[in-house]
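The values are calculated or read from the model by the stated rules, or taken from the named source; none is laboratory data. Keep in mind that what you see is a predicted model, and the values were worked out from it rather than measured. Here the Cβ positions follow ideal geometry from the backbone for every residue, glycine too, while neighbour counts run over all protein chains shown.
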Amino acid sequence: MTDTASNTLALPTRPFLRPLLQRLAPFVGTPLNAALTLLLLWLILRVGWLLLDWAVVNAALLPAKPETCAATTGACWSFVIAKSGQILFGIYPPAERWRAGLVCVLILTTLVASARPSSWRPWLGFAWVAMMALVLWLMGGGFGLSRVPTSSWGGLPVTLILTVFAIGLGFPMAILLALGRRSGLPVVRTLSVLVIETIRGLPLLSLLFVASILLPLLLPEALLPDKFVRALLALTIFAAAYLAEVIRGGLQAIPSGQSEAAKALGLGYWNTQRLIILPQAIRIVIPALTNTIIVMIKNTSLVLVVGLFDLISSGKAALSDPDWPAPSTETFLFIGLIYFALAFSFARFADFLERSGMEKRG
Amino acid sequence: MTETITPSAPVAAIRIENLGKSYGDFEALRNVNLIVAEGERIVICGPSGSGKSTLIRSINRLEEHQTGRILVDGTELTNDLKGIEKIRSEVGMVFQHFNLFPHLTILENCTLAPIWVRKLPRAEAEEIAMRFLHKVRIPEQANKYPGQLSGGQQQRVAIARALCMKPRIMLFDEPTSALDPEMIKEVLDTMIELADEGMTMLCVTHEMGFAQAVADRVVFMDRGQIVEQNEPMAFFSSPQNERTKLFLSQILGH
């Protein structure tokens with residue numbers, strides 16, 4: 001070939017090789033491309049092998065004893081296996097761990113059951129209230145179960161409860177704040193702006209400190225809610241302020257013709273918002289809502305600064321066992337995997353919602 | 001010039017007295033008086049910015065007027081929200097841009113207000129909706145979404161949606177202005193059918209053929225005022241006011 005099109009190879013005549021070579025052409029067409037391809041391949045294989053070697057080949061698995069780990073240079077999964085109960089449930093009384101486990105199953109099952117738009121019926125609201133009540137009973141005890149104070153709660157159930165309650169309670173609050181900020185009533189509008197801007201202006205850490213340290217100084221003992229509840233409140237209003245601004249973005253995007261048509265049919269303000277405006281507005285901002293909610297899932301880990309034992313703090317506590325070589329990488333990988341599973345499945349769910357909305361509109 | 005209202009006279013469907021509204025320095029409506037009798041069909045025309053849309057939107061208070069009075073079926077439009085919602089449920093409105101609810105099916109668009117405002121059971125609301133969708137000749141689209149329909153079909157759905165509330169008065173705000181030419185006729189035919197059934201109608205439109213075919217009266221507006229009104233024959237053949245003549249020559253000239 002005499003032309004300078006250097007990224008085309010002289011192709012052999014045998015037809016089945018053609019497609020393969022065509023596909024390879026961009027990677028090995030020029031000497032530089034070929035060199036880069038080789039270098040990257042070598043790097044990928046090298047790093048991949050190191051990881052595989054550490055995580056699988058040389059890893060210590062069973063029996064889940066400190067000696068198993070001491071005998072190898074690879075990952076110490078034995079620790080994660082032996083300590084899984086403590087990592088997952090923290091300082092919750094070991095004899096009662098089944099309750100904490102059940103709470104996790106209950107929350108996750110309700111979440112999965114709520115995922116299908118076809119199940120968004122009034123009964124779902126009742127199911128959620130029932131689930132929340134059941135969760136509080138199982139975790140806290142009473143009515144036949146031994147009492148477990150919130151100071152002994154820990155691990156995954158704490159993370160799940162904080163996430164689900166903060167977003168579940170924060171979302172309706174956010175809707176009210178977003179509507180309030182667009183209200184024609186000056187008092188409502190000013191109050192909404194004040195709440196949103198104050199909360200957004202503060203770091204979550206400072207809100208948590210206010211809830212855990214300042215509030216006890218200001219409120220009399222009798223009126224003071226439990227430390228867990230105070231942290232939950234801080235997380236809830238924090239989520240509400242952020243979600244409110246996201247929802248407001250969606251409200252702005254709805255053409256005024258929509259509310260005019262609703263008004264012209266005789267629908268009142270609340271029915272117009274509930275039936276016409278919000279369903280469209282929220283669908284528009286699903287990507288931004290997903291973002292905020294995923295950030296909130298991970299933000300719950302900040303409660304460790306006020307002495308609550310979420311998943312990360314219980315992992316750290318487990319690592320302090322002197323009998324074990326403290327394999328922190330493995331432990332945090334395990335915890336990271338749980339967070340990833342939560343955040344990623346939520347992201348997939350949001351993606352699915354967005355798609356189902358698009359199909360509908362044709 | 002005040003009209004005397006004799007107690008024995010039937011209550012006008014719409015009575016507008018000395019209506020005024022301004023945006024800052026701009027007077028959108030100036031001293032507008034209009035009485036619409038039950039069953040009367042009125043076409044309002046005029047150049048853009050003449051206040052015709054503002055006037056028709058004032059009748060169900062999508063615009064708030066500042067001076068004068070509006071009475072719909074004898075009830076005055078005030079700030080009383082319940083009263084306004086009551087009047088709105090008796091007055092159907094069709095918009096230039098259809099304003100269907102894109103997240104609901106055609107059927108749901110039509111049953112929403114009957115269910116939530118009239119408190120009808122779903123089955124009954126659906127039955128009524130299907131009847132009116134038949135009437136506007138698109139029952140087969142009932143389970144589609146607005147985005148899947150043509151402009152003409154969407155506007156006919158919008159008419160059906162308004163009719164499902166069994167309104168006593170229908171307001172049309174340039175119902176064919178946003179449509180492709182080949183779709184205008186299907187919408188006008190639906191409106192003519194409605195007029196033939198005796199519906200009280202106020203229609204802002206530039207479709208002069210429609211005005212000649214169905215209007216009892218044509219109202220010409222300019223700069224926020226009613227300049228001239230007459231029955232269609234006289235309105236088109238011998239307009240009195242210079243501005244009317246100019247407008248008609250522009251609109252009918254080509």
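Given the condition over 30 Å from A:I335 (Cα atoms) and either of a type in the set (A, V, I, L, M, F, W, C) or assigned to a helix (DSSP H, G or I) (or both), answer yes or no: does some residue in the range A:139-146 qualify?
Yes, there is a match, as at least one residue in the range A:139-146 is over 30 Å from A:I335 (Cα atoms) and either of a type in the set (A, V, I, L, M, F, W, C) or assigned to a helix (DSSP H, G or I) (or both).
Yes or no: A:W324 aromatic (F, W, Y), part of a helix (DSSP H, G or I) and either more than 14 Å from every other protein chain (Cβ to nearest Cβ) or more than 17 Å from the chain's Cα centre (by Cα) (or both)?
Details: aromatic (F, W, Y): yes; part of a helix (DSSP H, G or I): no; either more than 14 Å from every other protein chain (Cβ to nearest Cβ) or more than 17 Å from the chain's Cα centre (by Cα) (or both): yes.
Criteria not met by A:W324.
Condition first: touching a Gly at 6+ places or on another chain (Cβ under 8 Å), under 18 Å from A:S320 (Cα atoms) and outside any helix (DSSP H, G or I). Now tell me which residues in the range A:51-98 satisfy that.
The answer is A:G90, A:I91, A:Y92.
For A:I87, state whether it is over 23 Å from the mean Cα position of the chain (by Cα) and either of a type in the set (A, V, I, L, M) or surrounded by 18 or more Cβ atoms within 10 Å (Cβ to Cβ) (or both). Spell out how you get there, then give the answer.
Values: over 23 Å from the mean Cα position of the chain (by Cα): no; either of a type in the set (A, V, I, L, M) or surrounded by 18 or more Cβ atoms within 10 Å (Cβ to Cβ) (or both): yes.
So A:I87 does not fit the description; no.
Working only within the range A:214-231, note down all residues that are touching a residue at least 12 places away in the same chain (Cβ under 8 Å), more than 18 Å from A:T198 (Cα to Cα) and of a type in the set (A, V, I, L, M).
The answer is A:V229, and nothing else.
Can you name every residue in the range B:99-109 that is more than 8 Å from every other protein chain (Cβ to nearest Cβ) and either of a type outside the set (V, I, T) or farther than 22 Å from A:P255 by Cβ (or both)? It would help to see each step written out before you state the result.
Filtering the range B:99-109 for residues more than 8 Å from every other protein chain (Cβ to nearest Cβ) gives B:104-109.
Answer for the range B:99-109, where residues must be more than 8 Å from every other protein chain (Cβ to nearest Cβ) and either of a type outside the set (V, I, T) or farther than 22 Å from A:P255 by Cβ (or both): B:L104, B:L107, B:E108, B:N109.
Would the range B:72-82 turn up any residue that is buried (at least 22 other Cβ atoms within 10 Å of the Cβ), more than 10 Å from chain A (Cβ to nearest Cβ) and not in a helix (DSSP H, G or I)?
Going residue by residue through the range B:72-82, those that are buried (at least 22 other Cβ atoms within 10 Å of the Cβ) are B:72.
Going one step further and asking which of them are more than 10 Å from chain A (Cβ to nearest Cβ), we end up with B:72.
Remaining after also requiring not in a helix (DSSP H, G or I): B:72.
Checked the range B:72-82: at least one residue is buried (at least 22 other Cβ atoms within 10 Å of the Cβ), more than 10 Å from chain A (Cβ to nearest Cβ) and not in a helix (DSSP H, G or I).
What are the residues in the range B:113-136 that are in contact (Cβ under 8 Å) with a residue 40 or more places away in the chain and either part of a loop (DSSP other than H, G, I, E, B) or within 11 Å of chain A (Cβ to nearest Cβ) (or both), if any?
Kept after step one, since they are in contact (Cβ under 8 Å) with a residue 40 or more places away in the chain, are these residues of the range B:113-136: B:113-114, B:117-118, B:135-136.
Scanning the range B:113-136 gives B:A113, B:P114, B:V117, B:R118, B:V136.
Which condition from (1) loosely packed, with under 15 Cβ neighbours inside 10 Å; (2) more than 14 Å from every other protein chain (Cβ to nearest Cβ); (3) within 28 Å of A:I247 (Cα to Cα) is the one that A:T290 breaks?
Evaluating A:T290 over (1) loosely packed, with under 15 Cβ neighbours inside 10 Å; (2) more than 14 Å from every other protein chain (Cβ to nearest Cβ); (3) within 28 Å of A:I247 (Cα to Cα) leaves (1) as the failure.
Can you tell me which condition A:V164 does not meet? The list is (1) touching a Leu at 6+ places or on another chain (Cβ under 9 Å); (2) modelled with pLDDT of 90 or more, and all the others hold.
For A:V164, the failing item is (2).
For the range B:83-130, which positions are surrounded by fewer than 22 Cβ atoms within 10 Å (Cβ to Cβ) and on the phi > 0 side of the Ramachandran plot?
B:K119
Take the residues in the range A:228-254 that are away from chain B (no Cβ under 14 Å) and within 30 Å of B:G92 (Cβ to Cβ); name whichever of them is farthest from the chain's Cα centre (by Cα). Spell out the reasoning first.
Keep residues of the range A:228-254 that are away from chain B (no Cβ under 14 Å), which gives A:228-249, A:251-252.
Checking the rest, the ones that are also within 30 Å of B:G92 (Cβ to Cβ) come to A:251-252.
Working: A:L251: 25, A:Q252: 27 Å.
Across the range A:228-254, the extreme among qualifying residues is A:Q252.
Which residues, taken from the range B:158-176, are more than 12 Å from every other protein chain (Cβ to nearest Cβ), of a type outside the set (V, I, T) and closer than 23 Å to B:C45 by Cβ? If you could, list the steps in order and put the result at the bottom.
Initially, the range B:158-176 is screened for residues more than 12 Å from every other protein chain (Cβ to nearest Cβ), giving B:159-160, B:168, B:174-176.
After this cut, where a residue has to be of a type outside the set (V, I, T) as well, the list is B:160, B:168, B:174-175.
Once the filter is applied, which keeps residues that are more than 12 Å from every other protein chain (Cβ to nearest Cβ), of a type outside the set (V, I, T) and closer than 23 Å to B:C45 by Cβ, the range B:158-176 yields B:E174, B:P175.
I need a count of the residues in the range A:106-135 that are assigned to a helix (DSSP H, G or I) and loosely packed, with under 15 Cβ neighbours inside 10 Å.
Matching residues across the range A:106-135 total 14.
Considering B:L194, B:L179, which residue is more than 14 Å from every other protein chain (Cβ to nearest Cβ), assigned to a loop (DSSP other than H, G, I, E, B), crowded, with 18+ Cβ neighbours inside 10 Å and at pLDDT below 95? Please lay out each step first, then the result.
Numbers: B:L194 fails: assigned to a loop (DSSP other than H, G, I, E, B).
The unique qualifying residue is B:L179.
Of these, A:L243, A:L207, A:L251, A:L177, which one is within 18 Å of A:T292 (Cβ to Cβ), crowded, with 19+ Cβ neighbours inside 10 Å and at pLDDT below 90? Working first, answer last.
Numbers: A:L243 fails: at pLDDT below 90; A:L251 fails: at pLDDT below 90; A:L177 fails: at pLDDT below 90.
Residue meeting the stated conditions: A:L207.
Out of the range A:321-340, which residues are of a type outside the set (F, W, Y), surrounded by 14 or more Cβ atoms within 10 Å (Cβ to Cβ) and farther than 16 Å from A:A75 by Cα?
A:D321, A:I338
Report yes if some residue within the range B:43-61 is of a type in the set (D, E, K, R), under 26 Å from B:E242 (Cβ atoms) and modelled with pLDDT of 90 or more; otherwise report no. Reasoning before the result, please.
Narrowing the range B:43-61 to residues of a type in the set (D, E, K, R): B:52, B:57, B:61.
Then keep just the ones that are under 26 Å from B:E242 (Cβ atoms); that gives B:52.
When the remaining residues are screened for being modelled with pLDDT of 90 or more, the result is B:52.
Yes - at least one qualifying residue is present in the range B:43-61.
Restricting the range A:255-271 to residues that are facing another protein chain (nearest Cβ under 7 Å) and crowded, with 20+ Cβ neighbours inside 10 Å, which is farthest from B:G83 (Cα to Cα)? Working first, answer last.
Quick first cut of the range A:255-271, residues facing another protein chain (nearest Cβ under 7 Å) only: A:257-258, A:260-261, A:263-268, A:271.
Still in the running and crowded, with 20+ Cβ neighbours inside 10 Å: A:261, A:263-267.
Numbers: A:A261: 18, A:K263: 13, A:A264: 13, A:L265: 13, A:G266: 10, A:L267: 12 Å.
Selected residue: A:A261.
Considering only residues of the range B:140-157 that are closer than 16 Å to B:T205 by Cβ and either surrounded by fewer than 24 Cβ atoms within 10 Å (Cβ to Cβ) or at pLDDT 95 or above (or both), which is nearest to the other protein chains (Cβ to nearest Cβ)?
Pass one, the range B:140-157, residues closer than 16 Å to B:T205 by Cβ: B:151-152, B:155-156.
Filter once more, so that each one left must be either surrounded by fewer than 24 Cβ atoms within 10 Å (Cβ to Cβ) or at pLDDT 95 or above (or both): B:151-152.
Values: B:G151: 14, B:G152: 17 Å.
Only one residue fits best here, namely B:G151.
Output the residues belonging to the range B:1-30 that are modelled with pLDDT under 85 and under 24 Å from the mean Cα position of the chain (by Cα).
B:P10, B:V11, B:A12
Would you confirm whether any residue within the range A:159-166 is hydroxyl-bearing (S, T, Y) and either surrounded by fewer than 21 Cβ atoms within 10 Å (Cβ to Cβ) or not in a helix (DSSP H, G or I) (or both)?
To start, the set of residues in the range A:159-166 that are hydroxyl-bearing (S, T, Y) comprises A:159, A:163.
After this cut, where a residue has to be either surrounded by fewer than 21 Cβ atoms within 10 Å (Cβ to Cβ) or not in a helix (DSSP H, G or I) (or both) as well, the list is none.
The answer is no; no qualifying residue exists.
Scan the range B:69-90 and give yes if some residue there is under 16 Å from the mean Cα position of the chain (by Cα), within 30 Å of B:A142 (Cβ to Cβ) and touching a residue at least 40 places away in the same chain (Cβ under 8 Å), otherwise no. If you could, list the steps in order and put the result at the bottom.
In the first step, residues of the range B:69-90 are kept if they are under 16 Å from the mean Cα position of the chain (by Cα); the result is B:70-73, B:87-90.
Going one step further and asking which of them are within 30 Å of B:A142 (Cβ to Cβ), we end up with B:87-90.
After this cut, where a residue has to be touching a residue at least 40 places away in the same chain (Cβ under 8 Å) as well, the list is B:89-90.
The answer is yes; a qualifying residue exists.
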